[in-house]
Each structure stands twice: as C-alpha cells, then as structure tokens.
1. Which of the residues that make up region 26-75 are outside any helix (DSSP H, G or I) and at pLDDT below 95?
2. Only one of these conditions is not met by residue 23: (1) exposed (fewer than 11 other Cβ atoms within 10 Å of the Cβ); (2) more than 13 Å from the chain's Cα centre (by Cα). Which number is it?
3. Could you count how many residues in region 33-75 are under 19 Å from residue 15 (Cα atoms), surrounded by 10 or more Cβ atoms within 10 Å (Cβ to Cβ) and either of a type outside the set (A, V, I, L, M) or in contact with a helix residue (DSSP H, G or I) (Cβ under 9 Å, 6 or more places away or on another chain) (or both)?
4. Is there any pair with a first residue in region 35-56 that is charged (D, E, K, R) and a second that is assigned to a helix (DSSP H, G or I) whose Cβ atoms are under 8 Å apart and which are 6 or more apart or on different chains, and what are they?
5. Please specify each residue of region 1-18 satisfying the condition of being among the hydrophobic types (A, V, I, L, M, F, W, C), surrounded by 10 or more Cβ atoms within 10 Å (Cβ to Cβ) and over 18 Å from residue 32 (Cα atoms).
Amino acid sequence: MQNKDTLLTETHNKTMRFLHEQLESTDPQMVASTMLAIAMRLYKTILTSEDFDKFVEVVLSEAGKIEPFERPRIN
C-alpha cells in the first residue's frame with residue numbers, strides 16, 4: 001500500500017489535471033461551484049454534524065488567507 005503522502009500527491013495531481021481539462025471548455029465559476037458543492041457533500045457525508053459545522057467555521061475564518069491561482073499571461 002502506498003504511503004499517505006504519496007497517495008495525497010497523486011490524488012491532488014489527478015484532480016488538478018481533471019480541473020485543467022474542465023477549464024479549457026467551461027466557465028471557471030461553473031467548475032469552482034461544482035467542485036465546492038461536491039466537496040461540501042463529501043464532508044457532510046464523512047463528518048459528524050458537529051465536526052462539519054466546525055469545519056465550515058474554520059474555512060470561513062481562514063478565507064482571508066486563501067491565495068488565488070496565478071492567471072496565465074499571453075505576451
């Protein structure tokens with residue numbers, strides 16, 4: 001079995017490849033809102049109600065620290 005760091009890295013890379021494919025033909029806001037909705041449903045499924053509420057509070061309190069992606073430049 002792979003170690004968790006390797007599995008996390010592979011999962012992240014696969015997800016980013018999928019997102020980049022989607023962004024080639026879809027409005028970025030649609031992609032982002034769909035991914036967020038899926039993520040929230042996953043968290044709601046795997047966490048207790050109390051832990052889900054705590055998770056949402058942490059996300060909200062840390063929102064100011066989130067950095068945007070750099071947009072590619074065409075020169």
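The values are calculated or read from the model by the stated rules, or taken from the named source; none is laboratory data. All values derive from a computational prediction rather than experimental measurement. Here Cβ is always computed from backbone atoms with ideal geometry, including for glycine, and neighbour counts include all displayed protein chains.
1. Scanning region 26-75 gives 26, 27, 66, 67, 68, 69, 70, 71, 72, 73, 74, 75.
2. Among (1) exposed (fewer than 11 other Cβ atoms within 10 Å of the Cβ); (2) more than 13 Å from the chain's Cα centre (by Cα), the lone unmet condition for residue 23 is (1).
3. The number of residues fulfilling the criteria is 6.
4. Going by the 8 Å Cβ cut-off, the qualifying pairs are 44/52.
5. 7, 8
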